Every structure is written in C-alpha cells, then in structure tokens.
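Written out below as structure tokens is the structure these notes cover.
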Amino acid sequence: MLSFDAVLRQRLDAIRGRGLLRELRRVDSPQGPRIQAGGQTLLNFSSNDYLGLANDPWLKEAAISGVEKFGAGAGASRLICGSLTPHHELEEALAGFKGTEAALSFSSGYATAVGAICALLGRDDIIILDKLVHACIVDAARLSGAKIRVFAHNDLDDLEEKLKWANRRDEQCGSRTSTTLASKPRITRPSEGKQRTLVVTESIFSMDGDTAPLRGMVALKEKYGAWLMVDEAHATGLYGKHRRGLAEELGVSGQIEIQMGTLGKALGASGGYISGSRALIDFLVNCARSFIFSTAPVPAAAVAARAAIEFVQSAEGEIRRKTLWTRVGQFQSAIGHRPPPIPGAIFPILIGDEARAVEAAAELREQNIFVPAIRYPTVARGQARLRVTLTAAHSSEDISRLVRALNSVDIGFRR
Ligand SMILES: *Cc1c(COP(=O)(O)O)cnc(C)c1O
C-alpha cells in the first residue's frame, strides 16, 4: 500500500511542479452570485447557472415535491423498475420544448455524450470533432472505437477537408467482404457494411464562449451525407424564440440528427438529454450503455428540470433572459468590446501561463471576487485563462465591481 501511495504522491508532485495541481474548493452556501467559501463571501463569476435558477424557489419547490411524491432515490436503472413518472414527464416536456418527436434524459451531460456516441458509432465509422469540443465528447469518441478526425476550431474549410477524406475512405473500403465483417465483431449492433460519419460540435463553446457556424456545418454534413450532433450545454434555455438553443436561433434545429444538452447549466437542475426522432430515442434506450447500466437519476432532479423547462418558456423566463443580456452588454461596454451579433455569457480572459493565471485568480479572491483560473487539461497547455461567466442574478453594481477588480490586476486586461 505504501508504495502505491508513494507512486501517486510522485505523480501529484509532477502535476504541482507544472503549476497544474487542482484542489477542491468547499462552498458553504447554495449556488448564486454570492457564495461562502473559506470564511469569505465571494462575488461569484464562475457558475453556469446563467439564469439564476439553481437556488430559485420555483425549482426548489419542484425538487421538494419530487421527493415527497417519489422519494429520494429511483431504486434501479430505467430499464428495470426505475423509470418513474417524473422521468417520463421530463422527457415529454423536453420533446415539447425542443420541438422534436422524442427526448431521453441521462444522469449527466457526460453520460449523455458517452452513451449516445458509443451507441451510434463503432469501429467501421468515422467521427469528426471540432478541436475544442468538451472532454466528454473526446472520451466518447475514443471509447466508440471510431476513427477520429479533428478539424480546426469553427473552420468550415477544414471540416470539408475531413468530410472529403471520410468519403474517399468509404469508397476505398465500401465493398467490405463478409470475412472482414466477421473479423470485427460488434458489441452493440451488427455491422451494416457501411461506414457512417458523425460530425460533433458544441453550439456555444464552454471555455471560449464563441458560437459554432451551425448553418455552414449543416450544409456540409448534408453535402457529404454525414450525421450531425450538436451539444447545446451552454445554449439550452438561452437562445431562440422558444429558448431551445443556438440551433433554433439559427433556424437549423430540424436538420440536426442528434441534439444534445444539459439540465445543470441554464436550467439549474442536473442531468443531460438527447432530443431527436422517435427512432433515435428508441435506439438509445436499447443501445446507450451509460443509460442502460446506471441507476435512474433521483426523481427530484427530473422534477426540478421539468420546472426549469417550464420556467424558461414563461414570460418570467424571458425577463430573466433579458436581464442576463443586459448584464452582458454592461460588461462588454465597460471593457470596450463591441457586442457580437449573438450575445454570450462566457468571457475568457486569456493569460497563457498557468502559474500567472492562478496568481491572478488569487489576487481577485483577495478582493472577494471569484473568477476561476482555467488550465490544462481543460484548455490546451499555455492557454490558461480566467473564465468570467455572468448570470441574470448579478446586479449592475456586481458587474461594476468585477470590472474595477479586473482593472486592478496586472493581466493586460485594460484595453
Ligand atoms: C458541462 C458540459 C457537459 C457535461 O455536462 P454535465 O451534466 O456537467 O456532465 C457536456 N458538454 C459541454 C459542452 C459542457 O459544457
């Protein structure tokens, strides 16, 4: 045992030596614009609770009613006896919200990506990823066994190159013989003798806050006969006439085979989802292993998520969204940014050096402002940054305090 710990301590020392050691920060209060941590009250610019729903009475009451009616735990996986009314009601609400035939919820966004991608693709297939997609998509791609290609971030020309390569490869391997097929046994589905290509992107990028060119991506995937999966983790509840996400805002929801999102960011609850055709959802119920072999989410989470879906579609939800964009506009004008055509609540402040980013975050904390330093492996080495996120729960004075604090720290922030 001792030598086991010694090995791990050595590894930890190496991580520390590179300025990359991470430690948990205990928060002693609910999520919100002000949090208690380490005996300090911090003005919090780090959460993804964009609409301030995580600690909202509407969601809390929903969660409590979920516990009262359905208990604390689901007791089993969905396919055994854990598929409770709240899960079904959530999925009906999700499908209605997203305007798709059906939807399926998962215990987390991470489990959603892994379950869906590994169900849809196998070793004969190709997956083409934006360079900056979330780790859960990268892990899913690796686990699926599909051949992975990466295109430069938001670069449609590079995506087209990768799609052309995929089609050439399909022509070369197209007439696979039955012996080749037999030598590659499938885990979840029989081989179709046909290569499938899946393109995956995020709609609003989690660490950069920019938007994917979804219209161009849809045109390309149609031209080359590929499938498209879009992760709307940071867009669900925020964009489009019905708050469905960026795909709705850009008018392409109907052309995306696999729409993914999470329930734990703007929706303030917990979990992930896929929305799409009935066939897609039926297929995932049968083949998504992270869905099948996992206890169903606690009923309270499903009830809270459904309440959040109602909330974002309500008039009150629209007021909350407008408040968010007002705060975003205030921050942008204070830092001399011209507002982009599509607003976003994520602001990366690139620093580069890992140790300097950590130092800058510590300096802000001394002023009772919490902005996290984001480092490798969340972003590439040498791309460390402060990541500011704004929420509808921040006041105008909170934004002014943030701007003053950022200007006082030597990070080349003032333009
Ligand atoms: C947060 C996030 C996920 C993971 O969702 P969880 O519910 O936190 O597991 C997936 N994709 C993106 C882009 C994310 O930002």
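Can you pull out every residue in the stretch 215-229 that is within 16 Å of the ligand (Cβ to nearest atom) and in contact with a helix residue (DSSP H, G or I) (Cβ under 6 Å, 6 or more places away or on another chain)? Within the stretch 215-229, just L228 meets the criteria.
Somewhere in the stretch 38-53, is a residue more than 16 Å from the ligand (Cβ to nearest atom) and over 30 Å from A362 (Cβ atoms)? So far as the stretch 38-53 goes, no, none of its residues is more than 16 Å from the ligand (Cβ to nearest atom) and over 30 Å from A362 (Cβ atoms).
Here's a check for you: in the stretch 90-104, which residue that is touching an Asp or Glu at 6+ places or on another chain (Cβ under 9 Å) and more than 16 Å from the ligand (Cβ to nearest atom) is nearest to V312 (Cα to Cα)?
Our first condition is that a residue be touching an Asp or Glu at 6+ places or on another chain (Cβ under 9 Å); within the stretch 90-104, this holds for 93, 95, 97-99, 102-104.
Within this subset, residues satisfying the condition of being more than 16 Å from the ligand (Cβ to nearest atom) are 93, 95, 97-99, 102.
On the way: A93: 12, A95: 15, F97: 10, K98: 12, G99: 15, A102: 19 Å.
This residue is F97.
Filtered by the rule that a residue be under 22 Å from I351 (Cβ atoms) and surrounded by fewer than 10 Cβ atoms within 10 Å (Cβ to Cβ), the stretch 1-21 gives a lone residue, G17.
Residue-wise test of (1) of a type outside the set (A, V, I, L, M, F, W, C); (2) touching a strand residue (DSSP E or B) at 6+ places or on another chain (Cβ under 6 Å).
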position	(1), (2)
R327	yes, no
S333	yes, no
P340	yes, no
E354	yes, yes
A361	no, yes
Q383	yes, no
H394	yes, no
A405	no, yes
G412	yes, no
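Within the stretch 217-238, residues that are more than 30 Å from E310 (Cβ to Cβ) and in contact (Cβ under 8 Å) with a residue 40 or more places away in the chain sit with their Cβ atoms under 7 Å from residues that are more than 13 Å from the ligand (Cβ to nearest atom) and basic (K, R), at 6+ positions apart or across chains, in these pairs: W227/R196; W227/K221.
Let's see how each residue does on (1) surrounded by 14 or more Cβ atoms within 10 Å (Cβ to Cβ); (2) within 21 Å of R306 (Cβ to Cβ):
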site: Q31; (1), (2): yes, yes
site: I35; (1), (2): yes, no
site: G39; (1), (2): no, no
site: G52; (1), (2): yes, yes
site: L59; (1), (2): yes, yes
site: F70; (1), (2): yes, yes
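With respect to (1) surrounded by fewer than 20 Cβ atoms within 10 Å (Cβ to Cβ); (2) in contact with a helix residue (DSSP H, G or I) (Cβ under 8 Å, 6 or more places away or on another chain); (3) not in a loop (DSSP other than H, G, I, E, B), the lone exception for L364 is condition (1).
Only one of A226, A233 is within 20 Å of S108 (Cβ to Cβ) and not polar (S, T, N, Q). Can you tell me which?
A233
Every residue, every condition in (1) part of a helix (DSSP H, G or I); (2) touching a residue at least 12 places away in the same chain (Cβ under 8 Å); (3) among the charged types (D, E, K, R); (4) under 30 Å from C81 (Cβ atoms), yes or no:
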| site | (1), (2), (3), (4) |
| --- | --- |
| S275 | no, yes, no, yes |
| A307 | yes, yes, no, yes |
| G329 | yes, yes, no, no |
| G336 | no, yes, no, no |
| I342 | no, yes, no, no |
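For the stretch 238-246, the criterion of being more than 14 Å from the ligand (Cβ to nearest atom), surrounded by fewer than 24 Cβ atoms within 10 Å (Cβ to Cβ) and of a type in the set (S, T, Y) is met by none of the residues. Within the stretch 285-297, the only residue that satisfies the criterion of being within 18 Å of L94 (Cα to Cα) and surrounded by fewer than 24 Cβ atoms within 10 Å (Cβ to Cβ) is V285. The combined condition, being in a loop (DSSP other than H, G, I, E, B), surrounded by 22 or more Cβ atoms within 10 Å (Cβ to Cβ) and not β-branched (V, I, T), is fulfilled by K265.
Taken over the stretch 254-273, the criterion of being polar (S, T, N, Q) and either in contact with a Leu (Cβ under 7 Å, 6 or more places away or on another chain) or without any contact (Cβ under 8 Å) to a residue 40 or more places away in the chain (or both) is satisfied by Q255, S270.
Residue-by-condition table, conditions (1) free of Cβ contacts under 8 Å to residues at least 24 places away in the same chain; (2) under 20 Å from M207 (Cβ atoms):
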{"site": "E363", "(1), (2)": "no, no"}
{"site": "N368", "(1), (2)": "no, no"}
{"site": "P372", "(1), (2)": "no, yes"}
{"site": "G382", "(1), (2)": "no, yes"}
{"site": "A393", "(1), (2)": "no, no"}
{"site": "L402", "(1), (2)": "no, yes"}
{"site": "N407", "(1), (2)": "yes, no"}
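Selection of the stretch 311-347 for residues being among the β-branched types (V, I, T) and at pLDDT below 95 yields I335, I342. (1) at pLDDT below 95; (2) assigned to a loop (DSSP other than H, G, I, E, B); (3) surrounded by 13 or more Cβ atoms within 10 Å (Cβ to Cβ): which one isn't true of R169, the others all being true? The failed condition is (2).
Picking from residues in the stretch 105-143 that are more than 12 Å from the ligand (Cβ to nearest atom) and without any contact (Cβ under 8 Å) to a residue 40 or more places away in the chain, the one that is nearest to the chain's Cα centre (by Cα) is K131.
R244 passes every criterion in (1) touching a residue at least 24 places away in the same chain (Cβ under 8 Å); (2) in contact with a Leu (Cβ under 8 Å, 6 or more places away or on another chain) apart from (2). Scanning the stretch 258-299 for residues that are among the hydrophobic types (A, V, I, L, M, F, W, C) and either in contact with a Ser or Thr (Cβ under 6 Å, 6 or more places away or on another chain) or within 16 Å of the ligand (Cβ to nearest atom) (or both) yields I258, M260, L263, A266, L267, A269, I274, C287, A288, F291, A296, V298.
The values are calculated or read from the model by the stated rules, or taken from the named source; none is laboratory data. Treat the numbers as computed from the prediction; the structure is a model and nothing was measured. Positions of Cβ are backbone-derived with ideal geometry, glycine not excepted, and every protein chain shown enters the neighbour counts.
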